[in-house]
Amino acid sequence: MIAPIDRTIAPILEKATAGERISADEAVTLLQSHDLTAIGQAADAVTRRLHPEPYRTYNIDRNINYSNVCAAICDFCAFYRPVGHSEAYVLSEEVLHQKIQETVDLGGDQILLQGGLHPQLPLEWYEDLLRGMKEKFPQVNVHGFSPPELWHFHKISKLPLEEVLQRLRDAGLGSLPGGGGEILVDRVRKAITRGKVLTDGWLEVNRVWHRIGGKSTCTMMFGHVETLEERVEHLDRLRQVQDETGGFTAFICWTHQPPDHAPWFGGDRKGGTDMSQLPPAGAFEYLKTQAVSRLYLDNIPNVQSSWVTQGEKIGQIALRFGANDMGSLMIEENVVSQAGTVFHLTVESIRRCITEAGYIPRQRNVYYEYIDEWPPAEGTSPQTPSGPSLPVIS
């Protein structure tokens, strides 16, 4: 690791790269620093210690939004529609199965199934949905329902949270995505959302899911109304839960994508925040925050790059700033693209990004198990790593 230009962070980086746990105050100090190169190289050193293998991974899945109807109001969301809106929808089983079949045909083994907080669909509707998918596509993992959705199911069904989660698991739910985390600090959540689960509820969904044997991912959307201290508080809450349960497989962070203004955004409602007017956080802040997250979340094994919001090049560079995974092909993505941010990569592009970063690309499942054949079958021409060639942003 090169010597930091910012000498105040040197002992913190040395501590982290040696495998010692850094404190919340130390993480804030790192976020306050502008020495991106040193922080990034420390995160890369930690990643190489945790993942000394010559592989970096990706998966193939599809983000299927079964409905865009939502009773909550999120000021940053351009996707949801209020109940009764002319553009509101609920996908039919026929359309849903067609989308899954297309995913399977492209080599996918998973769907990311999410929607809004629909006020009228009972728990039995979701159980039937899952059973129908697993009956027709038993090989496909359903990475489904964000913690806010699951908390909503718990509330509208008036059933214990554990019972709701167990019933959905029995019906075919495989793992939980980390959606709806935003910033896990109630001051922030109350400022940018109304009618949505607060911090303790989001975390409790994951605790209970882990307790019944499930795995989940965790996320952070940053660069809006939160402070750096609140960004670290979010990371700390995740680290605490992981200490308790060990159930998080990966962490993914991305920057807030300011949406084009629309009449249903919270800025037009009493008490709302017009997040379309907030300046976007750039690549520098994204790479630094991901790197600090890798250093802080010493108990979460995997960090995923966010090329979906950052684009191919920054997504690739993120593999040198703490990420060991390029994320998903994302055959379909609706939420971020509705805000005006649209990046698309092919499987070949993802594999090339990993190869150019000096690693061998491997396809994995939600549990970070390799599901491709290695070494490749005779007669194929796998890409081989060309060695580290990524530029450093400073």
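A few remarks follow.
- Qualifying positions in the range 1-32 - of a type outside the set (D, E, K, R), outside any helix (DSSP H, G or I) and closer than 14 Å to Y296 by Cβ: G19, I22, S23
- Qualifying residue in the range 119-129 (condition: touching a residue at least 60 places away in the same chain (Cβ under 8 Å) and within 24 Å of the chain's Cα centre (by Cα)): yes
- Members of the range 158-202 found to be more than 21 Å from N65 (Cβ to Cβ), among the small types (G, A, S) and at pLDDT 95 or above, listed by number: G201
- Residue count, the range 203-217 (criterion: in contact with a strand residue (DSSP E or B) (Cβ under 6 Å, 6 or more places away or on another chain), among the charged types (D, E, K, R) and either within 20 Å of I156 (Cα to Cα) or modelled with pLDDT under 95 (or both)): 0
- Selection of the range 223-241 for residues being at pLDDT below 95 and either of a type outside the set (A, V, I, L, M, F, W, C) or buried (at least 23 other Cβ atoms within 10 Å of the Cβ) (or both) yields G223, H224.
- For the range 146-163, the count of residues that are assigned to a helix (DSSP H, G or I), among the aromatic types (F, W, Y) and either in contact with a strand residue (DSSP E or B) (Cβ under 6 Å, 6 or more places away or on another chain) or touching a residue at least 24 places away in the same chain (Cβ under 8 Å) (or both) is nonzero.
- Near pairs, Cβ below 7 angstrom, 6+ apart or cross-chain, from the range 343-360 (of a type in the set (S, T, N, Q)) to any residue that is at pLDDT 95 or above: T355/P361
- Taking each residue of the range 36-65 that is modelled with pLDDT under 95 and looking for partners that are in a helix (DSSP H, G or I) and polar (S, T, N, Q) with beta-carbon atoms closer than 9 Å, six or more apart or interchain, yields I60/T103; D61/T103; R62/T103; I64/T103.
- Those residues of the range 190-237 which are closer than 27 Å to Q32 by Cβ, in a helix (DSSP H, G or I) and not charged (D, E, K, R), in sequence order: A191, I192, T199, W202, L203, L228, V232, H234, L235
- In the range 148-184, the residues that are more than 18 Å from I212 (Cα to Cα), crowded, with 20+ Cβ neighbours inside 10 Å and of a type in the set (V, I, T): I183
- All told, I22 meets the bar of being surrounded by fewer than 22 Cβ atoms within 10 Å (Cβ to Cβ), in contact (Cβ under 8 Å) with a residue 60 or more places away in the chain and in contact with a helix residue (DSSP H, G or I) (Cβ under 6 Å, 6 or more places away or on another chain).
- Only one of the numbered conditions (1) in a helix (DSSP H, G or I); (2) within 20 Å of L91 (Cα to Cα); (3) not β-branched (V, I, T) is violated by L173, and that is (1).
Yes/no per residue for (1) closer than 24 Å to R364 by Cβ; (2) hydrophobic (A, V, I, L, M, F, W, C); (3) more than 23 Å from the chain's Cα centre (by Cα):
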| position | (1), (2), (3) |
| --- | --- |
| L106 | yes, yes, no |
| G115 | no, no, no |
| G132 | no, no, yes |
| L150 | no, yes, no |
| H154 | no, no, no |
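The values are calculated or read from the model by the stated rules, or taken from the named source; none is laboratory data. All figures in this text were calculated on a predicted structure; none of them were measured in a lab. Positions of Cβ are generated from backbone atoms using ideal geometry, with glycine treated the same way; all protein chains shown enter the neighbour counts.
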